[in-house]
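Comments concern the structure below.
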Amino acid sequence: MVVTIAAVLWMLTFKPHPQAQVQNQPVAQVTAPAVSPSPGSSPAPTPTPGSGLRDGTYTGSAVTMFFGTVQVQIVVAGGRIKSATGIQMPSDRAESAYISQQAGPLLESEVISAQSAKISGVSGATYTSAAYQQSLQKASAEAGG
Amino acid sequence: MAELRRVTEEVMGMPITLAAPEPGLPAEAVADAFSDLRWVDRTFSPFIPESVVSLINRGEIRVQEAPAEVLEVLDLCARFERLTNGCFSACIGGRLDPSGLVKGWAIDRVCSRLERSGAASYMVDAGGDIAVRGGDMDGPWRVGVRHPLEKDKVVRVVEANDLAVATSGTYEKGDHILDPRTGLAATTLLSFTVIGPDILQADVFATSACVMGWEEGLLFLDNLPGYEGYAIDHHLVGHFTRGFARYCTATCGEGQSPAASSLARV
């Protein structure tokens, strides 16, 4: 599954965060490395000190999702994933090969105060059922319930 | 700028706001909408002992005996579980909890009620999941995407007349999005915002995409016509589907953001 790639990428990306890594260990164990340097990758991958990622182009194994088989390629530069591209996509989705463009760090210039933005609403994660449940349980406990 | 007419009530454990330009929404429609939301809560909340979902969980009624609306929701849950390869599920840890879908479903019902009352322009905001129709007083609706770590800041402003905007994340209450496939917290992203025509789907996809991680999540959304995604990872780096920027105004970074420039090169 693409999850394989995601999980492996995630492990590499977040190596400096051992606590988080431990939490996701079971996923990573199930999904052994699926990302290997592709034969045609540009310069030979070079280790980048301080990050788990080596510069270069990497291709994941082909995986089947609900809409068809996909294969993802990532480009790593400066120890970070610069882009992820679907190099194999279901044929009717050929125009969708491009997945995402990394936006770069959220610079101060991108961040504005909600008050000055002339917006009607703000979309954000507030409550999910689990959060609601936790909060409710805490509230009940405090209430002696 | 004229003010919006807003009505906010606390239902389903979150603030829910209905808003519209002057002269506001018909009072009766607003009352009906909140009354329906309270009914949804009483019926679906796993935390209310008398709810249908609680009755099913305690084995006091069989699923087949549940009201039509409950069967409809459970059917939708099953459909989205298949569509997301199990990244969304109404059954976590052996217990039925369709809350992840019910919120969007409830917003959708409110929208239908408001439409039937003749409202042409309105916003429904249920705890940060937002559906807008028509437009603000001064043009399209403008909806901010919250900065994952700074509560009073937004990192993008999405502009549209008719749109659903839903955000899932791990920042508000700790790691609270569980991966139904492992039972563990999904921790790869700070937040995932999904925009698209339908609030129910946008909401379910935002939660699922948080579980998938940004790579699979964006890939998933890129293959759903009409839906776009914007993920913020633990390094505070934003990743988005290529269509997302079409909805963003230049307000954030005034068009000089790295996002805008890198997209221009694509």
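The table below lists the values:
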read-out	value
Kyte-Doolittle at least 0.0, axis length at least 18 Å by Cα - qualifying DSSP helices, chain B	B:68-83, B:199-212
Exposed trypsin sites (Lys or Arg not before Pro) absent - longest run of chain B, DSSP non-H/G/I/E/B, at most 10 other C-beta within 10 Å	B:63-266
Contact order normalised by residue count of chain B, Cα under 8 Å, 6+ apart, percent	14
FRET efficiency, B:L55 to B:S35 (Cβ-Cβ, R0 25 Å, nearest 0.05)	0.70
Candidates B:L114, B:L149, B:L76: whichever shows maximal mean-square fluctuation once chain B is modelled as a Gaussian network with Cα springs under 10 Å	B:L149
Extension gain (nm, one decimal) between B:E10 and B:S117, 0.36 nm per residue minus Cα-Cα	36.3 nm
Shape of region B:5-265, Cα gyration tensor, a/c cut at 1.5	oblate
Cα-centred dipole magnitude for region B:44-178, charges only on beta-carbon of K, R (+1) and D, E (-1), debye, nearest 20	140
Separation of alpha-carbon centers, region B:106-133 and region B:1-61, rounded to whole Å	12
For chain B, calculated [θ]222 nm from helices alone, where every DSSP H run of n ≥ 4 adds -39500 (n - 2.57)	-10500 deg cm²/dmol
GluC sites (Glu not before Pro), loop per DSSP, at most 11 other Cβ atoms within 10 Å - longest free stretch of chain B	B:61-266
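Since every read-out is calculated from the coordinates, none of them should be taken as a lab result. Quick caveat: nothing in here was measured; it's all calculated off a predicted structure. Positions of Cβ are generated from backbone atoms using ideal geometry, with glycine treated the same way; all protein chains shown enter the neighbour counts.
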